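Before any comments, here is the structure.
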Amino acid sequence: DAVQDPGNVGTIVRTAAALGATATIALPGTVDLWNPKVIRSSMGAQFHHPAFHAEWADLRRFLDRERVELWAADARGEPLDRTRAVERMAIVVGNEGSGLSADVRGRADRTISLPIASGIESLNVAVAAGIILHELRS
């Protein structure tokens, strides 16, 4: 959701591919998935892992039609509990500076967080995405 740093986006794509995610979808505001820095940091994962851009309205229709739960990652969410994972789910991470968009916040079925040490404000978006994907991997 509007992740702007090419290194972060490439790392998310590569990690999603490595951990068996079905696809990676870049919402509006996200850097171009074919940006050379994205390709470099993804190590070319886009060549074997579906990764594409989509408008929020199109994604929302897809999630509703296919009955896919949307879990949003946010520091103010409930602690991630893998026992509550469902078979058909999408994970969304937010912009490095401003977090999740209002569209995502309003549509999320669950907002999750990773417990981190006190005094630490947040994790890098790509690191957080990787930890969440690993924790939810079946």
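Here are the numbers for the structure shown:
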quantity: Choice from ASN95, ASN124, ASN35 with maximal GNM fluctuation in the chain (Cα, 10 Å cutoff); calculated: ASN124
quantity: Most mobile of VAL93, VAL127, VAL38 in a GNM of the chain (Cα contacts under 10 Å); calculated: VAL127
quantity: Normalised per residue, the volume of the convex hull around the Cα set of segment 73-138 (Å³); calculated: 91
quantity: Average Cα contact separation per residue, the chain, under 8 Å, 6 or more apart, as relative contact order %; calculated: 28
quantity: Cβ-based net charge around PHE52, under 14 Å, with every Lys or Arg adding one and every Asp or Glu removing one; calculated: -3
quantity: Cα gyration tensor, segment 45-109 - rounded (a/c under 1.5), prolate or oblate; calculated: rounded
quantity: Cut-off 14 Å between beta-carbons: net charge of the residues surrounding THR111, Lys and Arg +1, Asp and Glu -1; calculated: -2
quantity: Solvent-accessible area of PHE62 with every protein chain in place, 1.4 Å probe, in Å² to the nearest 10; calculated: 90
quantity: HN-Hα J in Hz across segment 63-72 - Karplus 6.51, -1.76, 1.60, θ = phi - 60°, x for Gly and Pro; calculated: 4, 5, 4, 8, 6, 9, 6, 10, 10, 10
quantity: Where trypsin sites (Lys or Arg not before Pro) in DSSP loops with at most 15 other Cβ within 10 Å are excluded, longest remaining stretch of the chain; calculated: 1-66
quantity: GNM result for the chain, Cα springs below 10 Å: residue of VAL125, VAL68, VAL86 fluctuating most strongly; calculated: VAL86
quantity: Segment 1-41: translational diffusion in µm²/s, Stokes-Einstein, Kirkwood Rh over Cα pairs, 4 °C, 1.567 mPa s; calculated: 129
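The values are calculated or read from the model by the stated rules, or taken from the named source; none is laboratory data. Being a predicted model, the structure only gives us computed values, none of them experimental. Using ideal geometry, Cβ is built from the backbone for each residue, glycine included, and neighbour counts are taken over all protein chains shown. SASA here: full protein model, heavy atoms, side chains in, ligands and nucleic acids out. Shrake-Rupley method; radii C 1.70, N 1.55, O 1.52, S 1.80 Å.
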